[in-house]
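Enquirer: Please read through the structure below; I'll follow up with questions.
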Amino acid sequence: MSEERHQNLAIIGHVDHGKSTLVGRLLYETGSVPEHVIEQHKEEAEEKGKGGFEFAYVMDNLAEERERGVTIDIAHQEFSTDEYEFTIVDCPGHRDFVKNMITGASQADNAVLVCAADDGVQPQTREHVFLARTLGIDELIIGINKMDLVDYEEGRYREAVDEVTELLKQVQFNPDDAKFIPISAFEGDNVADDSDNTPWYDGPNLLEALNDLPAPSPPTDADLRLPIQDVYTISGIGTVPVGRVETGMLNTGDNVSFQPSDVSGEVKTIEMHHEEVPEAGPGDNVGFNVRGIGKDDIRRGDVCGPADDPPSVAETFQAQIVVMQHPSVITAGYTPVFHAHTAQVACTIESIDKKIDPSTGETAEEEPDFIQSGDAAVVTVRPQKPLSIEPSSEIEELGSFAIRDMGQTIAAGKVLSVQEP
Ligand SMILES: Nc1nc2c(ncn2[C@@H]2O[C@H](COP(=O)(O)OP(=O)(O)OP(=O)(O)O)[C@@H](O)[C@H]2O)c(=O)[nH]1
């Protein structure tokens, strides 16, 4: 591989607006679809007497393979342009997509918003744009999709662009940081080639726009933070925690600490893509072995960091939250489950310190009695079990969380400060 730089890309947008189709199309156009998937699809399409290539099929097929446990490594969701190697950070349409987006399981550098020309801005369009904003995505490429369904009419394109622009303004997203492109993921217009169907459009096609994105600055200089996803015992090696490096570097020989389990040891080996490596950095999925640490000493939700500057453990923390959807009102004492990185911990909202005007960021009310859907607030939170979390101003990757209750994401937030025991 050349000296390509890496980007994590989120594909967001309302259900059925064409996210999977677009990802399939991007993978296909960049030659990233495994041959066996194409072959298998052709056979099935012939059997069913269907013509044409259903790009959503590629994604569905990959998702299915993964569910069945068939080896499908992450490379199958990667594609390259001249400048970048892109990883699609989550399977679009994934049930926990919103939660994953917030907790960093799929932290993205940039995002493509898919909005169907014939349907315009819909509830999930709003939700995803709002989340992208809250989570600090700077640049948005907006594919106004399904242009084939509106006969490639410029007027319909403009209407959709205006609707999305209005939404961006509502969430304080500078429309200058957004790039609109009329596309058809299904037919391929303006994805990899400039389309003859949109002579009124003279901007870049989607792959060009992706190629022109600013480079993300990898958080390699920060302290190591590696949230643990699972802990395995592997014969011949021993205890192997696995997870993704969020910030900093993991080197063999490092002394590392796991919090809140509060154990430490020296890194003996690091493995990535089934190969032993001397070091790993942000974005790398690793398994590693630490001298003297047993399987029961650490668990999912622990965060690994340097032993001389271990990850923070919160007795309480102050956070800014935005309530997305809650059936009634939230008052002090409410104890939903907080999802932060790989941890899930019941936490009590001990006090609602102030309500904030979401459009100006200024205090709207000191110590309100309650908050409800649409409100932004500063709250003090007490985890019911030890939780490792960081102020987002210090380590952004470990500073955001989703609040879940009754199977839904009801709020998203950022940690402002952490009070350690
Ligand atoms: N005509 C037309 N149909 C499209 C286009 N893009 C997607 N579709 C169709 O729209 C439907 C939904 O597309 P998907 O790609 O599954 O949409 P999605 O946004 O991934 O939906 P979820 O994964 O359910 O959230 C499918 O039937 C696609 O074939 C397009 O550009 N033109």
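The values are calculated or read from the model by the stated rules, or taken from the named source; none is laboratory data. Please read all numbers here as calculations on a predicted model, not as lab measurements. Counting neighbours? That spans all protein chains shown, and the Cβs are built from the backbone with ideal geometry, glycine included. What goes into the accessible areas is simple: the full protein's heavy atoms, side chains included, and nothing from ligands, DNA or RNA. Shrake-Rupley method; radii C 1.70, N 1.55, O 1.52, S 1.80 Å.
Enquirer: Mind counting the residues in region 263-305 that are closer than 17 Å to Asp223 by Cα and acidic (Asp, Glu)?
Expert: Summing the residues that are closer than 17 Å to Asp223 by Cα and acidic (Asp, Glu) in region 263-305 gives 4.
Enquirer: From the residues in region 125-143 that are β-branched (Val, Ile, Thr) and open to solvent by less than 10 Å² (accessible area, probe 1.4 Å), which one is nearest to the ligand (Cβ to nearest atom)?
Expert: Thr125
Enquirer: Within the group Lys146, Lys169, which residue is within 16 Å of the ligand (Cβ to nearest atom) and either on the phi > 0 side of the Ramachandran plot or open to solvent by 50 Å² or more (accessible area, probe 1.4 Å) (or both)?
Expert: Lys146
Enquirer: Select, from Gly413, Gly407, the only residue that is within 20 Å of the chain's Cα centre (by Cα), farther than 22 Å from Phe258 by Cα and open to solvent by less than 10 Å² (accessible area, probe 1.4 Å).
Expert: Testing whether each residue is within 20 Å of the chain's Cα centre (by Cα), farther than 22 Å from Phe258 by Cα and open to solvent by less than 10 Å² (accessible area, probe 1.4 Å) leaves just Gly413.
Enquirer: Would you check which residues across region 203-235 are assigned to a loop (DSSP other than H, G, I, E, B), open to solvent by less than 70 Å² (accessible area, probe 1.4 Å) and touching a residue at least 40 places away in the same chain (Cβ under 8 Å) and list them?
Expert: Leu213, Pro214, Ala215, Pro216, Pro219, Thr220, Ala222, Asp223, Leu224, listed by residue number.
Enquirer: At least 2 residues that are closer than 18 Å to Gly13 by Cβ and modelled with pLDDT of 90 or more in each: list the strands (runs of 3 or more DSSP E) lying fully within region 62-179 that qualify.
Expert: The qualifying strands (runs of 3 or more DSSP E) are 110-116, 140-145.
Enquirer: Here are some residues: Thr348, Thr316. Which one is open to solvent by less than 20 Å² (accessible area, probe 1.4 Å), in contact with a Ser or Thr (Cβ under 9 Å, 6 or more places away or on another chain), at pLDDT 95 or above and within 27 Å of Pro391 (Cβ to Cβ)?
Expert: Criteria check complete, one pass: Thr316.
Enquirer: So which residues in region 324-338 are touching a Phe, Trp or Tyr at 6+ places or on another chain (Cβ under 7 Å) and either among the aliphatic types (A, V, I, L, M) or closer than 8 Å to Gln372 by Cα (or both)?
Expert: Val329, Ile330 - these are the residues of region 324-338 that are touching a Phe, Trp or Tyr at 6+ places or on another chain (Cβ under 7 Å) and either among the aliphatic types (A, V, I, L, M) or closer than 8 Å to Gln372 by Cα (or both).
Enquirer: Is region 262-282 home to any residue that is touching a helix residue (DSSP H, G or I) at 6+ places or on another chain (Cβ under 9 Å), under 21 Å from Glu390 (Cα atoms) and not hydrophobic (A, V, I, L, M, F, W, C)?
Expert: Checking region 262-282: at least one residue is touching a helix residue (DSSP H, G or I) at 6+ places or on another chain (Cβ under 9 Å), under 21 Å from Glu390 (Cα atoms) and not hydrophobic (A, V, I, L, M, F, W, C).
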